[in-house]
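See below for the structure under consideration.
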Amino acid sequence: MWNFFNDKSKNEKTSISLDMNNIPKHIGIIMDGNGRWAKERNLPRSMGHKAGVETIRDIVKECDKIGVKYLTLYAFSTENWKRPKDEVNALMKLLVQYLRKEIEELHSNNVIVNSIGDTSKLPEICQQELKDAYEKTKNNTGLTLNLALNYGGRDEIIRAVKLLYNDIKDGKVNEDDIDENMISNYLYTSHMPDPDLIIRPSGEKRLSNFLIWQCAYAEFWYSDIKWPDFNKDYLHKAIYDYQNRDRRFGGVK
Ligand code: IPE
Ligand code: IPE
Ligand code: MG
């Protein structure tokens with residue numbers, strides 16, 4: 001498949017050929033840079049988040065089109081509650097608007113709309129929309145869209161340990177049963193493959209508590225581009241770079 005990647009900084013076009021037999025099964029995206037994007041334009045941060053939602057729309061569509069099976073979008077971390085109340089409220093409102101506006105199209109495209117994280121702490125209306133979206137789409141067979149909301153990798157591990165502790169106490173699990181596979185199955189992403197590729201726009205080079213267990217062998221792709229300016233050409237570039245990495249998983253080739 002041929003696409004054109006428009007490198008805005010150099011104002012030149014480069015052709016990219018993706019290997020359709022090596023599309024990452026699971027992509028995680030840390031959608032970052034909305035605030036700085038808005039600041040550069042003298043706009044309130046909430047306008048950056050609004051612009052970021054447009055990018056979500058395009059990227060979900062493209063991932064589905066090229067055959068990605070799981071897309072996990074980091075939308076709100078367990079640490080993001082530290083932000084001003086107005087900003088948190090604006091983010092929650094955008095979530096509801098996004099789900100209401102997009103659900104029919106997502107459903108008709110066979111997408112499963114799932115969430116990961118402790119959603120019980122989100123406003124009631126968000127919980128209801130997420131529940132409705134999941135109920136409507138849970139029997140679809142296409143892309144699984146994981147919206148990571150009030151998600152934190154450490155929080156997820158604490159939750160897993162508590163669930164495991166209870167199962168041990170109830171005699172459902174023995175010490176010898178505990179292995180990597182079992183721990184994975186106590187996480188929100190149970191029965192999903194680990195992410196192959198993690199994308200973080202905005203120039204930051206950190207995980208910020210995203211999928212810390214699952215990322216053990218993920219490939220990382222960073223870019224200075226802010227999330228509202230991210231588009232399918234950048235997605236293709238990230239996948240292209242991923243396809244040219246040598247994944248050894250600790251072995252030799
Ligand atoms: C979006 O980008 C990420 C969310 C938490 C929704 P930011 O709001 O973190 O943008 P920057 O990093 O301040 O530019
Ligand atoms: C990570 O971005 C969380 C999301 C994208 C939802 P942050 O902007 O919160 O991360 P830090 O503070 O730069 O590490
Ligand atoms: Mg940020």
Those residues of segment 65-78 which are more than 12 Å from ligand 2 (Cβ to nearest atom) and buried (at least 19 other Cβ atoms within 10 Å of the Cβ) amount to VAL68, TYR70, LEU71
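Can you go through TYR242, TYR217, TYR234 and tell me which one is under 17 Å from GLY28 (Cα atoms), aromatic (Phe, Trp, Tyr), surrounded by fewer than 17 Cβ atoms within 10 Å (Cβ to Cβ) and under 19 Å from the mean Cα position of the chain (by Cα)?
When all the criteria are applied, what remains is TYR217.
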Within the bounds of segment 86-107, is there any residue that is within 16 Å of ligand 3 (Cβ to nearest atom) and touching a Cys at 6+ places or on another chain (Cβ under 8 Å)?
no
For segment 162-179, the count of residues that are open to solvent by less than 90 Å² (accessible area, probe 1.4 Å) and part of a helix (DSSP H, G or I) equals 6
The residue from GLY52, GLY28 that alone is near ligand 1 (Cβ under 10 Å from one of its atoms) and open to solvent by less than 10 Å² (accessible area, probe 1.4 Å) is GLY52
If we keep only residues of segment 31-49 that are among the aliphatic types (A, V, I, L, M) and surrounded by 20 or more Cβ atoms within 10 Å (Cβ to Cβ), then the residue farthest from ASP246 (Cα to Cα) is ALA38
Original post:
Is at least one residue of segment 8-18 more than 16 Å from SER115 (Cβ to Cβ) and either at pLDDT 95 or above or in a helix (DSSP H, G or I) (or both)?
Top reply: yes
In segment 96-113, residues that are closer than 13 Å to ASP132 by Cβ, open to solvent by 20 Å² or more (accessible area, probe 1.4 Å) and under 16 Å from the mean Cα position of the chain (by Cα) total 0
Out of (1) open to solvent by less than 60 Å² (accessible area, probe 1.4 Å); (2) out of contact with any strand residue (DSSP E or B) (no Cβ under 7 Å at 6 or more places or on another chain); (3) more than 19 Å from LYS69 (Cα to Cα), the one ASP224 does not meet is (1)
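The values are calculated or read from the model by the stated rules, or taken from the named source; none is laboratory data. Note that the structure is predicted; figures quoted are calculated from it, not measured. Every residue, glycine among them, receives a Cβ derived from its backbone with ideal geometry; neighbour counts consider all protein chains shown. Note: accessible area is taken over every heavy atom of the protein model, side chains too, but ligands, DNA and RNA are not part of it. Shrake-Rupley method; radii C 1.70, N 1.55, O 1.52, S 1.80 Å.
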